[in-house]
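Enquirer: So that we are looking at the same thing, I have put the structure below in structure tokens.
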């Protein structure tokens, strides 16, 4: 299809992706001169009149959706065209799958920001009576400016009135389905919320909550909620965020949030708990621009704010919430003597606290230990003058990393309420003892898959004065900027890229351009601007086997060589420029003009 026009308006420029139902191309509206994405249904699906009618009905149902976090649909093919397609906005960015493949897992604050955007998109769609039903990282894009786009609304839906394809397979992605979708029950908006929870689970752990050797086993685990608690795999995450994920992944719909708006509110509270909600310096665009620098800065910031807010909560008497923050702080800095001293002080103060107050402290510690499954605070309990609780037997669930493509889903454990407060008594209340850890509950064995390894975290951030910035532009051919094997950003970035001071050789490249290396010298606080010219990757033209090897090939009126001398193929530099290729044979000649040459194309046979 590359080089052709759809409806005499949309020029097909290049293939950018392919899925089980459709192929996606980058195109251009020839009168409005804007880039678009063209999703073309596979021929074996579009050949059915029934599918075409469903396609048209669903396209009309969702074409009116207008939201910053939902991919906008511009046009669709209708019923009478040879190709069945949908035209949408073209997003310059990466899918969430690509981001995860590069990073392995994300900080819970970054995951919460992404989840907040997705919750707002779902809330709007649900208000328009539209269910997504296939929420997964492949269907989420993050633009260079940090805008999250939810894609593929209704594309699977028009094919599955009974949720079963022509091959008898369940439509959708098993690892992302809600239990009710896996059981082919009636769905409401809470099914989308379960899928959102599985996406967030994957973002912060890098593991798939539900796995199996085949789709049937995955669906069985989804239905039975056979998965670990999210905090077991990511102890350094926000405890509030873990609560949100667990509630989203509840097996029963009634145990989840009622609406996506409720989810958005809960995620805002998680971000506000550490003061990053609404802070542009911790926005998604900053993370996309330089994730390594972002995570270094976030780590240092969290160590300060968790200590400050934990102390404030203690002063207000909210020991449980304070200990949740201190536990996370110890996950970031396990040798923090000040936090260990605070916990020791809580233990010591029991002897001078009323029976009711001591019960609060003990209950808080017990809930933190048993309910959250987070044991960091008690790792040094012997040093605090108390016998350490017996170590629980290992649980059955054993995360086993395995290289596999990204996927996702799951359900939560019920929250544990704090122990009831002891009633005042005339007799001196005995000093309560810390309850022993609850015996581990046997779970069905779950084998977790981790698609990509987590990149090593830098230990210490470099001084602020050692950073400068560089702004690189590449005209109409956007590309990524690399320093060695580390991606720094993109020429699409509106803001300059933060780079350590010094002289560096930066490589500017993309899948569609030849790499270009430039040398830059950056001083502290300095912003350097560079403009590079990128040449597109040469195209390879192969010739139909019907041509004799003695046939001669010419390009743009210049004779090149015979097919024998060329080895049957011709490399064309600058394929984005107009070219005319001609083949002269004893039996005849054929000439073809190209406005845009795809990476690989076949020159047609003689007519």
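Enquirer: Shape call for segment 15-56 from the C-alpha gyration tensor, a ≥ b ≥ c root eigenvalues: rounded (a/c under 1.5), prolate (a/b greater than b/c) or oblate?
Expert: Since a/c reaches 1.5 but b/c is at least a/b, the shape of segment 15-56 is classed as oblate.
Enquirer: Over segment 5-90, what is the relative contact order in whole percent, taking alpha-carbon pairs under 8 Å and six or more residues apart?
Expert: Worked out over segment 5-90, it gives 24 percent.
Enquirer: Here's another thing I want to ask about it. Could you give the nm distance between label points at residue 272 and residue 220, where each point is 7 Å from its Cα heading toward the beta carbon?
Expert: Calculated label separation equals 4.5 nm.
Enquirer: When you count, for each residue, the other Cβ atoms within 10 Å and take the mean per peptide, how do 175-188, 78-91 rank with the highest first?
Expert: 175-188, 78-91
Enquirer: Any idea what Rg and Dmax come out to for segment 12-109 if you just take the C-alpha atoms, in Å?
Expert: 15.4, 48
Enquirer: Determine the percent antiparallel among the DSSP beta bridges restricted to segment 539-603, to the nearest 5.
Expert: Of the beta bridges lying entirely in segment 539-603, close to 85 percent run antiparallel.
Enquirer: Here is a follow-up. Per residue, what volume in Å³ does the Cα convex hull of segment 218-276 take up?
Expert: Per residue, the Cα convex hull of segment 218-276 comes to 88 Å³.
Enquirer: For the pair residue 559/residue 147, report the inter-label distance in nm, with labels modelled 7 Å from Cα in the Cβ direction.
Expert: That separation, rounded to one decimal, is 5.4 nm.
Enquirer: Which order do the peptides 191-200, 520-529, 67-76, 131-140 take when ranked by the mean count of other beta-carbon atoms within 10 Å per residue, highest first?
Expert: My ranking of the peptides, most packed first, is 191-200, 131-140, 67-76, 520-529.
Enquirer: At 0.36 nm per residue, minus the direct Cα-Cα distance, what do residue 531 and residue 82 gain on full extension? Give it in nm, one decimal, please.
Expert: 157.3 nm
Enquirer: So between residue 279 and residue 587, what do we pick up on full extension, going 0.36 nm a residue minus the alpha carbon distance?
Expert: Extending this stretch completely gives an extra 103.8 nm.
Enquirer: How far apart, in nanometres, would the label points at residue 23 and residue 516 be if each is projected 7 angstrom from Cα along the Cα-to-Cβ direction?
Expert: Output for this residue pair reads 3.0 nm.
Enquirer: Now a separate question. How big is the equivalent ellipsoid of segment 283-327 along its three axes, where each semi-axis is √(5λ) from the Cα gyration tensor, reported in whole Å from largest to smallest?
Expert: In descending order the semi-axes read 28, 9, 8 Å.
Enquirer: For segment 464-531, what is the relative contact order in percent, using Cα pairs closer than 8 Å and at least 6 residues apart in sequence?
Expert: Relative contact order, segment 464-531: 42 percent.
Enquirer: Further question on the same structure: Counting only C-alpha contacts under 8 Å and six or more residues apart, can you give the relative contact order of segment 98-154 as a whole percent?
Expert: Across segment 98-154, relative contact order equals 28 percent.
Enquirer: So, one more: Which of the three applies to segment 464-531, rounded, prolate or oblate, going by the alpha-carbon gyration tensor with a ≥ b ≥ c and a/c under 1.5 meaning rounded?
Expert: Prolate, because a/c is 1.5 or more and a/b exceeds b/c.
Enquirer: From zero up to wherever the largest Cα-Cα distance of segment 539-603 sits, split into 5 Å bins and tell me the percent of pairs in each.
Expert: The percentages, shortest bin first, are 4, 18, 34, 27, 13, 4, 0.
Rule-based calculations on the coordinates, nothing more; no lab input. Quick caveat, the model's predicted, so the values are computed rather than measured. Note that we place each Cβ from the backbone using ideal geometry, even for glycine, and neighbour counts take in every protein chain shown.
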